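Here's the structure, in structure tokens; my notes come after.
Please treat every number below as a calculation from the coordinates, not as lab data. The model shown is predicted, which means the values in this text are computed figures rather than measured ones. Don't worry about glycine lacking a Cβ; one is built from the backbone with ideal geometry, like all the others, and counts go over all protein chains shown.
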């Protein structure tokens, strides 16, 4: 929050008041969505509904396995990245 204040102040000092207004408005919209989650978590009564989705479990498992593989054998990823950088030059 303090970082946004300094950012908006610098933008206003730079003469871009319209950009600061857009930034404040989008910050208010995002605060509405963030606070709505907190209100639903802590201020509403009720039993949580637990639903298991097959694709979510499959995606999580696949990404966990890929993370372990890439961390154990990163040479392929480094070779791929260096090849991409060399094509840019």
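Here are some notes:
- A helix-only calculation puts the chain at -27000 deg cm²/dmol for mean residue ellipticity at 222 nm, using -39500 (n - 2.57) for each DSSP H run of at least four residues, averaged over all residues.
- Spin-label model, residue 27/residue 6: points 7 Å from Cα along the beta carbon direction are separated by 1.3 nm.
- For the pair residue 89 and residue 37, the difference between a 0.36 nm per residue extended length and the Cα-Cα distance amounts to 14.1 nm.
- Options (1) 2, 12, 18, 20, 19, 13, 8, 5, 2, 0; (2) 3, 10, 12, 13, 17, 18, 15, 8, 3, 1, 0; (3) 2, 10, 9, 8, 8, 9, 10, 18, 17, 8, 2, 0 - which one matches P(r) over Cα pairs in 5 Å bins from 0, in percent as calculated here: (3)
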